[in-house]
Every structure is written in C-alpha cells, then in structure tokens.
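Let me begin by presenting the structure, written as structure tokens, before commenting on it.
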Amino acid sequence: MTLLEVCDLTVTFGRHRRPALDGVCFSLDAGCRLGVIGESGSGKTVTALAVMGLLPEYARVSGTVELAGHQITQLSESGLARLRGDVVSMVFQEPMTALDPTMRVGRQVAEVLRLHAGAESGPARAAVVRMLAEVGLSDPDRVADAYPHQLSGGQRQRVILAMALINAPDLVICDEPTTALDVTVQATVLAKLDEVLEASGAACLFISHDLAVVSQVCDQVVVMLDGRIVETGSVADLFANPQHPYTKGLVAAAQLDAATPGQRLPVVEDFYQPDAGAKR
Amino acid sequence: MSADLFRTERLTRRYHNDGREVPALTDVDLRIAPGARLGIVGESGSGKSTLVRLLAGLDRPTSGRVWFEGTQITALPERRRGFLRASVQMVFQDPRSSLNPRMRVGDIITEPLRSRLLRPQLDGLDHRTRLAEVLAAVDLEPDAADRYPHEFSGGQRQRIAIARALAPKPEVLIADEPVSALDVSVRAQVLNLLTDLVAAEGLSLIVVSHDLLVVRHLCDELAVMRAGRIVESGPTEQVYTHPSTEYTAALLAAIPRIRTGPGEPGASR
C-alpha cells in the first residue's frame, strides 16, 4: 500500500533562482524504507520539509505530495499540525538544537504524546519512560529528569528518536540523523533505529550524504542532484551497479576502504566524460 | 637532545566542570619522528583533540611536558613561541566556524604572516606572492582572495583553511577531523589534496579522526586513544588488519560500509 506519493514536485525559493526541487517523483510503501542521497544543496532536505508541510510561505510549490490520503500541499496549518508528530515525525541532524535546553527531556517527549494522544501527565510519564527504554537508554528514569546538556550526543539523539516514535507514526523522516555522531555511537544509534522501525512497522524516509549509512538502513534509494532525481533503485542494485555517472562517482568516492592508502581517491568528476556531453 | 619532532612525557590535562575534575588526558608518552604521518583515532571524549592542542601549544598541560624539535614548549611564555606558531599549523573540523566571516579570504590566509610573533621567522616572505602560491596549492582561483567565506561551499572553505595553515610555511600540519563535516563526494577531493600537499611540501602530518578509514588513507602510523590514554599504536596497516585491543576492533567494526549483498533485512545492519 502506498503511504507517500510525491508527484512532479517543484519548489522555487525567490523569483530569480533555479528550482530547489525540479519535477521530483517518488513513492514509498507503508513499512518500507527509502534513502535519499545527494550532496549539500541537492534538494534532500527541501524534499523532507515538503513532506512535513514545513516549507516556508514564500516557497512556490507545484506538484503534489500525498501522505496517507492527505494532500499535504493543500492542507491548512492546523490540518498539518494534526498530522505532524502523529502520522509523520522527523528526526533532525543536530540533537542539541532540536531539543529545548530549558526543559527536562521527559517533559519534551511527553508533550508530543499529550498533544496528539491527549494523555494525562501521570500515564504519559510511564509511557515516556517506556519509550526511552525502548530506544536503548539504559537509565530511562534518570534520562527523563535530565536536561539536554546533561546527556551525551548519542543519548540526545535517542531522545529525539523516542519523540519521533512515541505516537507510532506511519512515517519517520530522518534528516542526517547520525552525521553529528562519531562512528561507534552512530553504529549503535543506527542499529536501534533499525530495531524500533522494525518493531513499530513505520516507514522511513532517510536522508543522508553517507551512502554506507543509507545502505545499512534502507531498502530503496533515490539519488538527487541539483534538485532532480537522477537515479532510483533498490539498495542492492543501485550501489552494486550504478548507472548515472554521478552515482558511479559517489559510490566510488564513498569506498575509502577500497582505495590503497596514499593513492589518489576517485572523485565524482572522474566519471563525467567530457565527450559524452554529460556535464555537471 | 633527540631528533624527535615531538616528544611528550607523562602529558596530563584535567578540565574542571561543575567543580568536578574531568581527566581529558592522562600520562601520555609519545614520540613523533620528523616526516611522520600520524593518525590519532578514538571516540568523542577520548582525548584526541586535547592531545593535539597541547602539541600545537594552544593549551597548557596540567602536568607533564612537550618538546618540539628538542625545545621544551610547555614552560615557554607565549612571546617566545613564535617558532612554534610558524612551524605547527592546524586545520579544524568545521570551516564555517574556523574562518572569520567578516574577513576577505586573502586577509584570512595572510593573517598568520602579519602576526608580530611570526614575523621574525618569516623574514622576507612576500605576502602577495605567498597568497598566490597557497591559493594555487589548494586549487582555488586567484580571485578567491577578494571574496568572503560565505561565498564558498564547505569543501572550498576547507581548502581556504588549509591554505591559511600552509601560508607560514609550516613543517607540521595538524588536522582535527578535517573531513568529517564534508559530503562524501567532497571528502575524497580534500583527502586527495592533503595527500598531495604533504608529499609536495614535505610536511609532517598529524590527523585526528573518529573514522579509522580516513586516518588509514592519510597516515602510515596510528595511535588509538581511549579515555585519555593511548591504548594501541603501530603502523597503520598492522593496526588496521590486526587490531590488538577489542576497543580498536570495535572502532573498526563501527565504520559503516556499503552493503550491496542481498542479505536478510537486518542481517548486516
């Protein structure tokens, strides 16, 4: 069953700028995981914001975004607010800025629950602590009473994950969720994300410039370049047998362990042949 | 006197946080030979950055000593550290915050040359010539000098930071997570640039990273840090292929690799 259908989505900011998204089409089935890869400025985050209905008012939008039967581009702000946190939730890159520094994290997670499920604060606390345990925080009671600055980066990102999952949304959008973390913490957060997505059956739109990370979380992947999707396929096919020169370059550049130390690494430009007329 | 580039003896740094003492670095003994390409890896908080800041003389140890080319730098007052500032240059992780947004790129790059401390070491170095040289060395157009940092992409900004580090003709380049804020596609370009520069300028290189693959690519020696101590060291290839501690093995296992095999969902996750 199709959960998310994005069709011919074009987004332009400002009158004289080229579109941030240019005719983007993709769909995501319930329970599936789609990775969006591409470099800074390729349109990954704008895509996520469009699905969340978070594009700024001055953005000019054409095309459609249909999420669980709702036309996102047509909904009012109050209609969108009902969907966010309930049908769709988002995990941002920087856990320090995504949490309110003046509020204990347990209350922040409970707020999401109370807004949407209308839970009373007593039962909410129990649900919050259970959710914090579920995302792998070993001392959930203590964490619930802590302020964000008292937690490590990995712990904060787990709290964000708990917030995103507590209303059992149909779709979780992760925008570079582990880029700010070091490799060991990243590995544990990704394993936990995999586990909780599996358990909840939520679909995931996973945005990252890191192909390796995407390949570990997702089943399908789209490659974005300059606001367009240049290639799409299953993770196994696309990374093993990339077609577009940009994808070939990304895959080659990402495989640091395939290169001989000290030798020149392949870069994306190596895969564009000037005579083929393919130009960035 | 030894022929070491750097030598540290029981180097210890403790920070104070909420009245508690936090040991960041404990009793580190390290020798680095001239021309070395040393990688320092470890998790966040393992003391990597503290160690290189002490080597570069940007911080002072709680106890222990550091020698640079036979001179003990720990006790030297700042006014006598000019030789160190000229010889040891740093490149930081995030070029958005390490470049002054109000300065033109040309002024950023030549700022170290205008330093009163460095001037005696850099006698006769023409700023304009040097600016042109280092811009060319990092593959930036000459007109980049007249523009501001925000006009450049992340990868270009890291090139500017590298150009600034090269300007005073250092012997040692210390790079603290030089590519971890960059996209995969840009990362390869900056790693190639660092490899070329180190070879062309005959630099010694110290690279700090949480990513063992980055360090493996750039460095021939490796020190693994955990909780403020060096827990393993040796030739990069040896540590990479035969880690002797479980901690290093765990760091290696945590590196995300592209999974292309069909595999069961979750099998290799």
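Would you confirm whether or not segment A:46-58 contains a residue that is away from chain B (no Cβ under 14 Å) and in a strand (DSSP E or B)?
If we filter segment A:46-58 for residues that are away from chain B (no Cβ under 14 Å), which is where we start, we get A:46-58.
Subset that is in a strand (DSSP E or B): none.
No, there is no match, as no residue in segment A:46-58 is away from chain B (no Cβ under 14 Å) and in a strand (DSSP E or B).
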- Task: Please specify each residue of segment B:182-209 satisfying the condition of being open to solvent by 10 Å² or more (accessible area, probe 1.4 Å), under 21 Å from A:A212 (Cα atoms) and touching a Lys or Arg at 6+ places or on another chain (Cβ under 8 Å).
- Result: B:N192
- Query: Going by the conditions given, is A:T102 β-branched (V, I, T), surrounded by fewer than 19 Cβ atoms within 10 Å (Cβ to Cβ) and part of a loop (DSSP other than H, G, I, E, B)?
  - Reply: yes
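If you take the residues of segment A:153-174 that are more than 14 Å from chain B (Cβ to nearest Cβ), farther than 15 Å from A:R130 by Cα and touching a helix residue (DSSP H, G or I) at 6+ places or on another chain (Cβ under 6 Å), which of them is surrounded by the fewest Cβ atoms within 10 Å (Cβ to Cβ)?
Within segment A:153-174, the first condition is being more than 14 Å from chain B (Cβ to nearest Cβ), and the residues that meet it are A:158-174.
Okay, now just the ones that are also farther than 15 Å from A:R130 by Cα, so A:169-174.
After this cut, where a residue has to be touching a helix residue (DSSP H, G or I) at 6+ places or on another chain (Cβ under 6 Å) as well, the list is A:172-173.
Numbers: A:V172: 23, A:I173: 26.
The residue in question is A:V172.
Results for (1) in contact with a strand residue (DSSP E or B) (Cβ under 7 Å, 6 or more places away or on another chain); (2) basic (K, R); (3) modelled with pLDDT of 95 or more, shown as yes or no for each residue.
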| position | (1), (2), (3) |
| --- | --- |
| B:R7 | yes, yes, yes |
| B:H16 | no, no, no |
| B:G42 | yes, no, no |
| B:L51 | yes, no, yes |
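Would a scan of segment A:5-17 turn up a residue that is farther than 23 Å from A:A168 by Cα, open to solvent by 50 Å² or more (accessible area, probe 1.4 Å) and within 14 Å of chain B (Cβ to nearest Cβ)? Can you show your working first?
Kept after step one, since they are farther than 23 Å from A:A168 by Cα, are these residues of segment A:5-17: A:7-17.
Now restrict to residues that are open to solvent by 50 Å² or more (accessible area, probe 1.4 Å): A:7-8, A:15-17.
Now narrow it down to the ones that are within 14 Å of chain B (Cβ to nearest Cβ): none.
So far as segment A:5-17 goes, no, none of its residues is farther than 23 Å from A:A168 by Cα, open to solvent by 50 Å² or more (accessible area, probe 1.4 Å) and within 14 Å of chain B (Cβ to nearest Cβ).
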- Query: Given the conditions (1) open to solvent by 10 Å² or more (accessible area, probe 1.4 Å); (2) under 28 Å from A:L181 (Cβ atoms), which single one is not true for A:M1?
  - Reply: (2)
- Can you find a residue in segment B:109-124 that is within 26 Å of B:G47 (Cβ to Cβ) and not hydrophobic (A, V, I, L, M, F, W, C)? no
- Note on the structure: Checked A:V223, A:V251, A:V189, A:V185 against criteria (within 12 Å of chain B (Cβ to nearest Cβ), assigned to a helix (DSSP H, G or I), among the hydrophobic types (A, V, I, L, M, F, W, C) and more than 27 Å from B:S49 (Cβ to Cβ)); the one match is A:V251
- Could you list, in sequence order, all residues of segment A:192-213 that are more than 9 Å from every other protein chain (Cβ to nearest Cβ) and part of a loop (DSSP other than H, G, I, E, B)? A:G201, A:A202
- Identify all residues within segment A:108-124 that are in contact (Cβ under 8 Å) with a residue 12 or more places away in the chain and open to solvent by 20 Å² or more (accessible area, probe 1.4 Å); write none if there are none. A:V112, A:L115, A:H116, A:A117
- Query: Tell me, which residue of segment B:107-130 that is surrounded by fewer than 19 Cβ atoms within 10 Å (Cβ to Cβ) and among the polar types (S, T, N, Q) is farthest from B:D143 (Cα to Cα)?
  - Reply: B:Q121
- Message: What's the total number of residues in segment A:218-230 that are under 24 Å from A:L197 (Cβ atoms) and open to solvent by less than 30 Å² (accessible area, probe 1.4 Å)?
- Response: 5
- Message: Quick test for you: out of B:L125, B:L54, B:L76, pick the one residue that is over 30 Å from B:H16 (Cβ atoms) and either under 20 Å from the mean Cα position of the chain (by Cα) or not basic (K, R) (or both).
- Response: B:L125
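Looking for something out of contact with any strand residue (DSSP E or B) (no Cβ under 7 Å at 6 or more places or on another chain), in a helix (DSSP H, G or I) and within 14 Å of chain B (Cβ to nearest Cβ) - is there at least one such residue anywhere in segment A:125-147? Even if it seems obvious, please write down each step before you answer.
Here is the first cut: in segment A:125-147, the ones out of contact with any strand residue (DSSP E or B) (no Cβ under 7 Å at 6 or more places or on another chain) are A:125-147.
Among the residues that remain, those that are also in a helix (DSSP H, G or I) are: A:125-134, A:140-144.
Next, only the ones that are within 14 Å of chain B (Cβ to nearest Cβ) stay: none.
Checked against the condition, which is being out of contact with any strand residue (DSSP E or B) (no Cβ under 7 Å at 6 or more places or on another chain), in a helix (DSSP H, G or I) and within 14 Å of chain B (Cβ to nearest Cβ), segment A:125-147 yields no hits at all.
Would you confirm, using the coordinates I've provided, whether A:A199 is surrounded by fewer than 19 Cβ atoms within 10 Å (Cβ to Cβ) and closer than 28 Å to B:V179 by Cβ? If you could, list the steps in order and put the result at the bottom.
Values: surrounded by fewer than 19 Cβ atoms within 10 Å (Cβ to Cβ): yes; closer than 28 Å to B:V179 by Cβ: no.
No; evaluated as a whole, the condition is false for this residue.
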- Message: Six or more apart or on different chains, Cβ atoms under 7 Å: show the pairs whose first residue is in segment B:1-25 and under 17 Å from B:L58 (Cα atoms) and whose second is among the aromatic types (F, W, Y) and not in a strand (DSSP E or B).
- Response: none
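Only residues that are within 14 Å of chain A (Cβ to nearest Cβ) and charged (D, E, K, R): list them for segment B:43-69, please.
Matches in segment B:43-69: B:E43, B:K48.
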- Subset of segment B:57-68, residues under 13 Å from the mean Cα position of the chain (by Cα) and β-branched (V, I, T), comes to none
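The values are calculated or read from the model by the stated rules, or taken from the named source; none is laboratory data. Nothing here was measured: the structure is a model prediction, and the numbers come from that model. All Cβ positions, glycine included, derive from the backbone under ideal geometry; neighbour counts span all protein chains shown. Ligands, DNA and RNA are stripped out before the accessible areas are found, and what is left, the full protein with its side chains, is counted by its heavy atoms. Shrake-Rupley method; radii C 1.70, N 1.55, O 1.52, S 1.80 Å.
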